[in-house]
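Notes follow the structure.
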Amino acid sequence: MQPIVDVRSLSKTYKNGFQALKPVTLTIERGEILALLGPNGAGKTTLISTLCGITTPSAGTALVGGHDIVQDYRAARRLIGLVPQEITLEPFEPVINTLRFSQGMFGQRRDEAMIEKTLRQLSLWDKRKSRTRELSGGMKRRVLIAKALCHRPRVLFLDEPTAGVDVELRRDMWDIVAQLKADGVTIILTTHYIEEAEAIADRVGVINKGELLLVEDKAKLMARMGRKTLRIDLRDPVDAVPEALAAYDLELGEDGASLLYHYDTRGDGTGITRLLQALTQAGLHLRDIHTDQSSLEEIFVGLVKEDAA
Amino acid sequence: MNLYAVKAIYIYEMNRFLRTIMESLASPVISTTLYFVVFGAAIGSQIEEIEGVSYGAFIVPGLIMLSVMTQAISNASFGIYFPKFIGTIFELLSSPVSYFEIVLGYVGAAATKSLLIGVVILGTAQLFVDITVAHPLMMVTFLLLICISFSLFGFIIGIWAENFQQLQLIPLLVITPLVFLGGAFYSVSMLPEAWQTVTLFNPVVYLVSGFRWSFFGVADVPVMWSLVAILGFTLMCLAAVWWIFRTGYRIRS
């Protein structure tokens, strides 16, 4: 079966010469959930905007449902729903009208049953007559999602769907994503949050500086990203890692006042208990301990370096 | 052809008009009434008749045109500028619609609104003076063409404008002076000869003259010229819109 989204050497260079997207080649299977991870300005939104028709590609092609996004834009865009990153809503219209507008724009006869279903699914039915400007930020985001869903897209783009939303909405969003996946909808989402990718994605793509560095099965990538660091602050600084602790592959912190222990949360055992016992036996006095998960940015830096090597 | 999208844009734009129906209609009605009081009653009593038409009636076509032009421009320019300003334009750009359908929706709605306003002003004027229309078919043709062409023009301004000041600039700095100097309130023949020649470079003269001819059968310039002028303006606007969409000017990067 042909992939639902087939991107071939798609790139975007703006008039001022800025290359926002280096040639990207990527296929996404029907019903798959792909999370695109990357720091701000990495090109995630550019990729999505180009596929959705908001910006025109500089080179390369892309097919959505077998339809070229430029040559056959009508057929391609009919299949697409887009939830943009910024909350952009007509402020004065009642919620229900903005959904009717979206249905019309996507070439569909008005379908009040679908509108009601979508509004109920997003807990917006009671708010259907409210003007969008009267709604809270979280509610506005729900409206944006409802607008994207009410024409029954087969491919849904979610650009930072959970940036700045409360826990409840995030949970709802994940439920909706799961429901859509069950209905065979393909979902491409961008996110900063590694937990989000972990929670819902099948595959993860990493974008940095306009370049798609890798697309990998979630489980494999998470294993690479699952490293944590235990930092042990010592009461009395040491000159070197004590001989007795050589087996733990410790790193000496700055000024010798702390020891760093890297471990993998996914392993069978982290070795922390044994390490702490060994520290006590070695006669070291602990002042404080804390753990750090490598931040997404650090992981990206790691990936970029790896990529360059 | 995505007619559902055209309808969606049209209804959406008309809703905007209906939300502010009082402001939309009251302001042209009030300003027309004011013009009548000032020009019709105060000045008109000194002028009496121009080419066999009472001054009060003489200024009606010009008044209608002034309101229709400014309303068409402001409605159409705001209609497309606002989505650009608040960002909702993303939905237009990512929808399965052609540029033609977008223009049809926005310009169709703006033309409808300005047409309604023109009709309301004509009705208001009837309260003050007795107006007969000598060439009804031509009157409707002129009115429609002006509604459509100036809505197109407004659409272009809305695309071009990068802030609210620019949005106001053209109507305020260009249209209003041209209409005032275009014989809306006087006959060009009343001017000194040198100024008559200068006036002929003002495109609005041809529009006002033709429109007034359809009411009273008197014109400053031949009616054919007026028709050519309005058709030419419409074509120019269409060409500009075509170019905007072909290049994605200030819409799609």
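All of the numbers you see were taken from the coordinates with simple rules; none came from a lab. As the structure is a prediction and not an experimental result, all values here were calculated from the model. Glycine also receives a Cβ, built like all others from the backbone with ideal geometry; neighbour counts cover every protein chain displayed.
A few points about this structure:
- Relative compactness, the protein assembly as shown, computed as alpha-carbon Rg over 2.2 N^0.38 Å: 1.34
- At R0 = 25 Å, FRET efficiency that the Cβ-Cβ distance of residue B:247 and residue B:172 yields, to 0.05: 0.35
- Between residue A:116 and residue A:282, the modelled label-to-label distance comes to 6.9 nm, taking each label 7 Å out from Cα in the direction of the beta carbon.
- Helix B:21-35 and the longest principal axis of the C-alpha atoms of chain B enclose an angle of approximately 20°.
- Selection of trypsin sites (Lys or Arg not before Pro), the stretch A:68-158, meeting DSSP coil and at most 12 other Cβ within 10 Å: A:109, A:129
- Rounded FRET efficiency, nearest 0.05, which uses the C-beta distance separating residue B:99 from residue A:272 and R0 of 41 Å: 0.05
- Taking label positions 7 Å along the Cα-Cβ direction at both residue B:30 and residue A:152, the computed distance is 5.0 nm, reported to one decimal.
- The calculated Kirkwood hydrodynamic radius for chain A is 22.0 Å, given to one decimal from all distinct C-alpha pairs.
- All-pairs Cα distance distribution in the stretch B:3-247, expressed in whole percent, bin size 5 Å: 1, 6, 13, 18, 19, 15, 12, 7, 5, 2, 1, 0
- 3J(HN,Hα) along the stretch B:185-196: 10, 7, 8, 4, 5, 7, 7, x, 4, 4, 6, 4 Hz, from the Karplus curve 6.51 cos²θ - 1.76 cosθ + 1.60 with θ = phi - 60°, whole Hz, x for Gly and Pro.
- Distance between modelled label sites at residue A:264 and residue B:42, nm, 7 Å Cα→Cβ extension: 8.9 nm
- Viscosity 0.890 mPa s, temperature 25 °C, Stokes-Einstein D of the stretch A:66-168 from Kirkwood C-alpha radius, µm²/s: 175 µm²/s
- Here the relative contact order of chain A, from alpha carbon pairs under 8 Å that lie six or more residues apart, stands at 19 percent.
- Ellipticity estimate at 222 nm from DSSP helix runs (n ≥ 4, -39,500 (n - 2.57)) divided over chain A, nearest 500: -10000 deg cm²/dmol
- Antiparallel %, DSSP beta bridges [both residues in chain A], to 5: 65 percent
- Structural descriptor for chain B: relative contact order 26 percent, calculated from alpha carbon pairs under 8 angstrom and at least 6 residues apart.
- Length added when fully stretched, residue A:22-residue A:199, from 0.36 nm per residue minus Cα-Cα: 60.9 nm
- Sites residue B:18 and residue A:231, calculated FRET efficiency, Cβ-Cβ separation with R0 60 Å, nearest 0.05: 0.40
- Residues in the stretch A:62-75 carry Karplus couplings, in order, of 8, 10, 10, x, x, 9, 5, 5, 9, 5, 10, 4, 4, 5 Hz; the curve used is 6.51 cos²θ - 1.76 cosθ + 1.60 with θ = phi - 60°, and Gly or Pro positions show x.
- 5 Å binning of all Cα-Cα separations within the stretch A:227-293, expressed as whole percents from 0 upward: 4, 17, 32, 29, 13, 5, 1
- Nearby lysines by direct alpha-carbon distance to residue A:22 (threshold 29 angstrom, same-chain neighbours under 8 apart not counted): A:12, A:44, A:209, A:218, A:220, A:305, B:84
- Cleavage-rule hits, trypsin sites (Lys or Arg not before Pro), the stretch A:232-295, DSSP coil, Cβ neighbours within 10 Å at most 10: A:235
- DSSP beta bridges in the protein assembly as shown [antiparallel fraction, %, rounded to 5]: 70 percent
- By average C-beta atoms within 10 angstrom, highest first, the peptides B:173-180, B:150-157: B:150-157, B:173-180
- Residue-averaged [θ]222 nm for chain B, counting only DSSP H segments that reach four residues, each worth -39500 (n - 2.57): -24000 deg cm²/dmol
- Against chain A, whose longest principal axis is taken from its Cα atoms, helix A:272-281 shows a tilt of about 20°.
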